[in-house]
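K.L.:
The structure is given below, and queries will be raised subsequently.
The values are calculated or read from the model by the stated rules, or taken from the named source; none is laboratory data. This is a predicted model, so every value here is computed, not measured. Using ideal geometry, Cβ is built from the backbone for each residue, glycine included, and neighbour counts are taken over all protein chains shown. In case anyone asks, the SASA skips ligands and DNA or RNA and just uses the protein heavy atoms, side chains included. Shrake-Rupley method; radii C 1.70, N 1.55, O 1.52, S 1.80 Å.
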Amino acid sequence: MKPYSDFRSDTVTRPTEEMLQAMLKAEVGDDVLGDDPTVKKLEELAASIIGKEAALFVPSGTMGNSIAVKMWTRELEEVIVEEKSHIYNMESTHMTFISRVTPRPLPSRRGAIAPELVRKHIRMPSVHTPRTSLICLENTHNNWGGAVVPLENFLAIRKIADEFGIKVHLDGARIFNASLASDVPVKEYARCCDSVMFCLSKGLSSPVGSLLVADRETIEYARRIRKALGGGMRQAGLLAACGIISLTRMVDRLREDHERARRLAQAIYDLPGITLNPEEVETNIIIFYFNHPTMTIPELVSRLKEKGILCLPVFGGVRLVTHKDVDDEDVERAIKAFREILAR
Ligand code: TLP
């Protein structure tokens, strides 16, 4: 048995054999000079899947989101974000650090901010107040336990954004999970947004990389921002070769992750101390709240580790993520560990 079943994140996935072979054979150039054919191929593929003109290969989701905020805003402006969003909570404050704009966090129902609340918080510039120039959405929503934000919410927010001439950016780190779980094509979500960032290095199993997708002119500007942030990569075709496999071979497999997460949630939701609605586990992330008479969250996490199960404490709860490198056996091992530790 392997030493650990790693449920900390889908970012821990290792490249597939096919990816390693593709790396060996990849045709490369110098992408900063614009002549890496494999990067170009990946960017064209990403743009066509998302349904926009152009894409930019970036080292991480955080850099993709940072560039998106920078390209759509100027100083003295404000950005509407969801209060538990990754871009607001978990990206080391790049909005203020890089773009020098203020985030305006709004509450939501499982990641979907009520459109009227968005409208209420749009600010007209004055000597006292910033102009709202961008709305950031997230789908699936990580800190809401991989919740799928419904397309209707996207459509309603797009309508308001258009009324006020505001841009919409989607942190679609896991947009393929959202699409499979809701049966809504990624293009439908993307159509409501001016730019989309998605990750190759989560459930899609590439070792490194994300894409930022938008209209051609904006992506050319994004390319300059990427260089300024130190994200220009040279023979990046080695990584892009894996990305192409992620997009052509790894998307449908995400359904297995959703199935396993549901099974795991069903098996542990009623154990002592756990608050979790298994019906709300829509994709590959389980977040449960934990309040036990004799055990703290760090104690639970460390007892699980002793039994070979790795998971992460988050926001007063615990997160478990399913992905390519945890199979049915790992799920059974996790269920057994939870039952032993939290025996009634
Ligand atoms: N999320 C990571 C950690 O940062 C928590 C994870 O393990 O889930 N948007 C969303 C919705 C994300 O979940 C993440 C990564 C990112 C952006 C940033 O991507 P990276 O890690 O490539 O910078």
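K.L.:
Do we find a residue being within 11 Å of the ligand (Cβ to nearest atom), under 27 Å from Tyr289 (Cα atoms), open to solvent by less than 20 Å² (accessible area, probe 1.4 Å) and within 17 Å of the chain's Cα centre (by Cα) anywhere in the stretch 148-160?
P.N.:
Filtering the stretch 148-160 down to residues within 11 Å of the ligand (Cβ to nearest atom) leaves none.
Looking through the stretch 148-160, none of the residues is within 11 Å of the ligand (Cβ to nearest atom), under 27 Å from Tyr289 (Cα atoms), open to solvent by less than 20 Å² (accessible area, probe 1.4 Å) and within 17 Å of the chain's Cα centre (by Cα).
K.L.:
What number of residues within the stretch 52-95 are within 15 Å of the ligand (Cβ to nearest atom), of a type in the set (S, T, N, Q) and at negative phi?
P.N.:
6
K.L.:
Still on this structure, please answer the following. Working only within the stretch 55-87, note down all residues that are open to solvent by 50 Å² or more (accessible area, probe 1.4 Å) and in contact (Cβ under 8 Å) with a residue 40 or more places away in the chain.
P.N.:
The answer is Lys70, Arg74, Leu76.
K.L.:
Pick from the stretch 1-13 the residues that are away from the ligand (no atom under 15 Å from the Cβ) and part of a loop (DSSP other than H, G, I, E, B): which of them is most open to solvent (accessible area, probe 1.4 Å)?
P.N.:
So the first thing to find is which residues in the stretch 1-13 are away from the ligand (no atom under 15 Å from the Cβ), and the list is 1-5.
Applying the additional criterion that residues be part of a loop (DSSP other than H, G, I, E, B) yields 1-4.
Values: Met1: 185, Lys2: 84, Pro3: 101, Tyr4: 98 Å².
The residue in question is Met1.
K.L.:
Going by the conditions given, is Thr294 polar (S, T, N, Q), more than 24 Å from Ala173 (Cα to Cα) and not in a helix (DSSP H, G or I)? Step through it out loud before you land on a result.
P.N.:
Details: polar (S, T, N, Q): yes; more than 24 Å from Ala173 (Cα to Cα): yes; not in a helix (DSSP H, G or I): yes.
So Thr294 fits the description; yes.
K.L.:
Sticking with this one: Please work out which residue is surrounded by the most Cβ atoms within 10 Å (Cβ to Cβ), limiting yourself to the stretch 96-145 and to residues that are within 15 Å of the ligand (Cβ to nearest atom) and of a type in the set (Val, Ile, Thr).
P.N.:
The extreme case among them is Thr140.
K.L.:
Let me ask something else about it. In the same structural domain as Trp72 (by TED's automatic domain parsing), polar (S, T, N, Q), open to solvent by 70 Å² or more (accessible area, probe 1.4 Å) and out of contact with any Gly (no Cβ under 8 Å at 6 or more places or on another chain), is that true of Ser92?
P.N.:
Working: in the same structural domain as Trp72 (by TED's automatic domain parsing): yes; polar (S, T, N, Q): yes; open to solvent by 70 Å² or more (accessible area, probe 1.4 Å): yes; out of contact with any Gly (no Cβ under 8 Å at 6 or more places or on another chain): yes.
Considered against the rule, which asks whether it is in the same structural domain as Trp72 (by TED's automatic domain parsing), polar (S, T, N, Q), open to solvent by 70 Å² or more (accessible area, probe 1.4 Å) and out of contact with any Gly (no Cβ under 8 Å at 6 or more places or on another chain), Ser92 comes out as yes.
K.L.:
Going through the stretch 100-125 one residue at a time, which ones are without any contact (Cβ under 8 Å) to a residue 24 or more places away in the chain and within 19 Å of the chain's Cα centre (by Cα)?
P.N.:
Residue satisfying the conditions is Arg109 alone.
K.L.:
Let me ask something else about it. Are any of the residues in the stretch 229-243 in contact with a strand residue (DSSP E or B) (Cβ under 8 Å, 6 or more places away or on another chain) and open to solvent by 50 Å² or more (accessible area, probe 1.4 Å)?
P.N.:
No; the residues of the stretch 229-243 include none that is in contact with a strand residue (DSSP E or B) (Cβ under 8 Å, 6 or more places away or on another chain) and open to solvent by 50 Å² or more (accessible area, probe 1.4 Å).
K.L.:
Ok, one more. From the list Ile335, Ile297, Ile287, which residue is of a type in the set (A, V, I, L, M, F, W, C), in contact (Cβ under 8 Å) with a residue 24 or more places away in the chain and surrounded by fewer than 22 Cβ atoms within 10 Å (Cβ to Cβ)? Walk me through how you get there before you give the answer.
P.N.:
Details: Ile297 fails: in contact (Cβ under 8 Å) with a residue 24 or more places away in the chain; Ile287 fails: surrounded by fewer than 22 Cβ atoms within 10 Å (Cβ to Cβ).
Being of a type in the set (A, V, I, L, M, F, W, C), in contact (Cβ under 8 Å) with a residue 24 or more places away in the chain and surrounded by fewer than 22 Cβ atoms within 10 Å (Cβ to Cβ) holds for just one of Ile335, Ile297, Ile287, which is Ile335.
K.L.:
Of all residues in the stretch 280-291, how many are within 30 Å of Ser179 (Cβ to Cβ) and part of a strand (DSSP E or B)?
P.N.:
5
K.L.:
Can you name every residue in the stretch 309-342 that is assigned to a helix (DSSP H, G or I) and either among the polar types (S, T, N, Q) or touching a Leu at 6+ places or on another chain (Cβ under 8 Å) (or both)?
P.N.:
Once the filter is applied, which keeps residues that are assigned to a helix (DSSP H, G or I) and either among the polar types (S, T, N, Q) or touching a Leu at 6+ places or on another chain (Cβ under 8 Å) (or both), the stretch 309-342 yields Val331, Ala334, Ile335, Ala337, Phe338, Arg339, Ile341.
K.L.:
For the stretch 14-54, which residues satisfy the criterion of being open to solvent by less than 80 Å² (accessible area, probe 1.4 Å), within 22 Å of Thr218 (Cβ to Cβ), touching a residue at least 60 places away in the same chain (Cβ under 8 Å) and in a helix (DSSP H, G or I)?
P.N.:
Once the filter is applied, which keeps residues that are open to solvent by less than 80 Å² (accessible area, probe 1.4 Å), within 22 Å of Thr218 (Cβ to Cβ), touching a residue at least 60 places away in the same chain (Cβ under 8 Å) and in a helix (DSSP H, G or I), the stretch 14-54 yields Asp31, Val32, Val39, Leu42, Glu43, Leu45, Ala46, Ala47, Ile49, Ile50.
K.L.:
Please indicate, with yes or no, whether at least one residue in the stretch 17-35 is within 24 Å of Val196 (Cα to Cα) and either of a type in the set (S, T, N, Q) or within 16 Å of the ligand (Cβ to nearest atom) (or both).
P.N.:
no
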